[in-house]
Amino acid sequence: MRLSRTCSLLASALLWISAAPASASGGDFYQTSRFASEFQPANAALFAAGNLGVLPGSYWRVYHYLAYQAARGRPLSKQQVAALHIDSWHVGTTSAWNGLDPDGDGPSSWLAARAPLAAQLALPVEMEIDVTAVAAHGDPYLNCHPDAFKQAGLTLAARAGLAAGGKPDAWFKLWLQGQDAVFANCAEPRHDWDKPVPKRVVKLPPPLPSDAPAWLRHDHAYQSAAANFYARNVDQARSQFQQIAREPTSPWQALAPYLAARTLIRKATLQFPLGEQPAARERLDALAQAKRELDALAQTSAPARQMATLVEARLDPAARLAALARALEKEPFGPDTARMLSDYLVLMDKLPRSVTLAAREPMTAWIASMQADAVLDQWSSERGELLQAQRMAALDTLRKSWLKQADPIWLAPLLSLARSNELSAAERTAASAMPASHPLYQTVQYHLARLALAERQGERADHDIDRLLAAQGKQMSAATSNRFLALKMLSAGTLDAFLTAAPRRIDQVERGEEIDAVPVKADQQATDDDFDVAVWRHLPMAELKVLRAHRLLPPAWKAKLEEGMLARALSAGDEETALSLLDAVAKTRKSTAHLYQRYRKAASGAGRKLAGALILVNTPELHPALFDKEEKKRYWGCKKEWGDGPVVVRQGAPAPRFLSAQQTLEAAKEQAAMLRLPLRSEFLAPTLLSWARTRPADEEAPKALHLLVASTRMECPYGSEVPEAEQLRTRYSREAYEVVHKYYPASKWTKATKYFY
């Protein structure tokens with residue numbers, strides 16, 4: 001067996017970072033949008049050629065690298081992009097993410113070669129090999145790399161040929177048992193997930209008889225060292241590899257010094273808890289010694305040269321990142337580009353953003369600046385101040401270090417980071433003057449329009465968006481077109497223009513649907529979350545009525561618009577609006593259609609309030625569709641966010657321009673009133689309980705109480721600081737339970753009400 005003959009930094013990436021995809025080479029907050037991918041373009045080859053569209057900060061960093069090269073006048077060809085082997089956020093065929101696949105070119109190839117020989121020797125044929133383990137700091141890593149299995153297969157064929165007559169004999173059987181012992185050390189000892197990993201006990205090759213041939217004794221020594229290596233018994237492994245290096249007749253002599261150095265790297269990266277003293281000093285000492293030994297081998301050993309770069313990155317990651325950035329920017333694309341880029345991306349993940357923002361290398365500073373604002377509007381307020389400070393620091397660095405070069409490439413991060421009234425006149429002029437042929441033109445134009453909207457210059461933004469869509473709209477990707485339409489919807493001067501901008505094409509990258517949703521084909525259109533926010537937050541009831549009758553309202557929206565309007569009307573006691581919606585909402589609800597007629601026939605005032613409460617308690621899907629000032633969905637009366645918030649809209653987006661100041665004010669008043677509503681059950685309970693106590697000869701009474709009790713279960717979980725047992729909804733749940741059992745004991749609804757919550 002031979003350990004990996006090739007190595008890149010990313011082949012050992014799991015010694016560096018967690019495998020969690022949310023933090024790898026992109027924005028640090030996981031989100032998706034069916035209409036504009038937050039992570040990658042739909043066509044990497046077109047993107048790398050310079051068709052960047054609107055470049056978001058949340059794209060994985062590999063795409064910022066491609067964008068940077070294209071913007072610098074060095075676009076990558078389709079063949080070069082293919083040579084990078086881009087897979088999500090990582091690059092190259094030796095990535096740790098690919099390496100974690102135990103079936104790839106790893107155990108499966110070894111087991112296939114081993115099986116026929118094992119059968120002849122009466123050894124177990126079926127085996128399972130787990131190649132992953134967990135470091136001291138809790139991260140998984142690839143313990144046995146695919147090359148180890150590949151080399152073991154080559155050695156197996158060679159050693160089988162040494163047997164008498166070319167057939168496996170007793171000596172070969174001992175060799176194969178030794179190799180099985182080596183790979184038995186690849187996996188962690190079995191243990192419960194919530195318990196500490198037990199101390200490893202190395203599984204060594206079986207002892208050899210005194211008359212074993214020389215080739216087997218040499219292989220046995222090497223197998224013993226490898227077993228200790230994989231079992232993390234690294235001090236013993238190092239001593240054994242050093243002994244092999246002193247044995248001139250061993251076929252493993254030349255490789256042993258390299259592997260002895262690698263034991264120091266394993267010790268430094270796996271044995272010590274990260275960030276703890278004095279372990280940090282010991283770790284650095286081990287790495288420094290490994291670097292000296294690898295440098296001594298580097299002239300004649302390519303694996304030693306490559307492993308030395310890994311150690312260099314461990315000892316001084318900022319320096320190694322800088323060297324890689326210079327090489328990637330200045331050297332022509334070649335066989336080593338994928339490996340260097342892979343290493344570069346891992347180091348970008350490793351280093352704090354404050355370090356990469358301050359980098360002297362323009363590529364690193366540009367990518368870090370583009371991503372400095374990637375998650376600003378998605379974090380809680382506790383982290384908001386930190387991210388705002390990071391944004392301001394990035395702006396300051398851009399202005400002091402990079403904008404002085406008058407290179408338009410720096411306008412993209414500048415405008416991405418800028419907020420209302422933060423651009424100087426000179427910066428705005430430079431951005432407006434960017435030629436339409438520049439790869440970053442659409443990115444800059446997008447942010448100019450965004451800033452114009454934020455600065456209440458909606459008419460100017462609308463004109464610029466229309467001009468751009470007319471000139472370049474047909475060539476835009478779905479994601480870029482959708483991003484501009486999102487701005488157009490806010491800048492629209494009429495309801496017609498607003499509705500024309502609402503439908504979006506599906507982005508080919510993000511086509512996910514809710515499990516129970518009707519599939520949407522790629523050539524069809526739908527509306528995004530920003531349309532929900534604009535309609536439900538900014539349109540008053542009077543304008544919602546106009547919208548309902550409008551010819552351009554997306555057909556899929558008609559029913560949910562009517563349902564939301566009815567819920568709002570019933571909660572506000574707006575009988576006129578409720579009456580106008582009854583037939584439309586009742587159309588698909590045959591089992592409760594009589595309740596809508598009951599509302600129509602009820603006397604105005606208390607009678608219709610009760611009838612409305614019966615509709616609502618029987619129809620939990622009716623809700624007023626609320627969004628708070630941060631554009632987060634709010635459930636009826638729930639004081640905290642409920643469900644998934646919008647992923648495209650930025651916090652503080654203005655109301656659509658076609659609305660008058662009076663309409664916006666009216667919508668704000670209506671929103672404030674709805675946000676003051678108590679929980680749905682607390683809103684309905686007083687009316688229903690008061691009526692039910694009159695013992696009406698009406699089966700709707702016990703049914704309503706049963707549904708009221710059921711509705712309090714998991715209503716707005718974690719949405720109150722008050723303990724659940726002390727909440728008003730809990731009291732109402734018990735009260736409804738007691739009333740239904742006291743006054744309606746024979747009802748089937750009472751019998752179904754076995755608990756209160």
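A short reminder: the numbers here are calculations on the coordinates, not readings from a lab. Since we're looking at a predicted model, the values are computed, not measured. FYI the Cβ positions are ideal-geometry reconstructions off the backbone, even for glycines, and counts take in every protein chain you see.
For the cross-link pairs Lys560/Lys703; Lys601/Lys754; Lys632/Lys669; Lys330/Lys404; Lys609/Lys742, which exceed 29 Å when the distance is taken from alpha carbon to alpha carbon?
Distance filter (> 29 Å) returns Lys601/Lys754.
Quick check: from the Cα gyration tensor, does the range 233-315 come out rounded (a/c under 1.5), prolate or oblate?
oblate
Arranged from highest to lowest average of other beta-carbon atoms within 10 Å per residue, in what order do the peptides 530-537, 743-750, 697-704 appear?
Result, highest mean Cβ count within 10 Å first: 530-537, 697-704, 743-750.
Based on the Cβ-Cβ distance from Gln177 to Thr300, what FRET efficiency comes out when R0 is 30 Å, to the nearest 0.05?
In this case the efficiency is close to 0.30.
For the ranges 576-586, 309-319, 117-127, what's the packing order if you count other beta-carbon atoms within 10 Å of each residue, average per peptide, and put the highest first?
Peptide ranking by packing, descending: 309-319, 576-586, 117-127.
Rank-order 355-366, 553-564 by packing density, defined as the average count of other C-beta atoms within 10 Å over each peptide's residues, highest first.
Final packing ranking: 355-366, 553-564.
Please compute the length gained on full extension between Met541 and Leu284, using 0.36 nm multiplied by the number of residues separating them and subtracting their Cα-Cα distance.
Between Met541 and Leu284, full extension yields an extra 85.9 nm.
With a ≥ b ≥ c the root eigenvalues of the C-alpha gyration tensor of the range 533-592, is it rounded (a/c under 1.5), prolate (a/b larger than b/c) or oblate?
oblate
Multiply the residue separation of Arg399 and Arg693 by 0.36 nm, subtract the distance between their alpha-carbon atoms, and state the gained length in nm to one decimal.
Additional length available on full extension: 98.7 nm.
Can you tell me the FRET efficiency between Ala157 and Gln243 if r is taken as the Cβ-Cβ distance and R0 is 25 Å, rounded to the nearest 0.05?
Result of the calculation: an efficiency of 0.40.
Could you tell me the calculated FRET efficiency between Ala471 and Lys203, based on Cβ-Cβ distance and R0 = 51 angstrom, to the nearest 0.05?
0.15
Report the relative contact order of the range 525-675, percent, no decimals, based on alpha-carbon pairs under 8 angstrom and at least 6 residues apart.
30 percent
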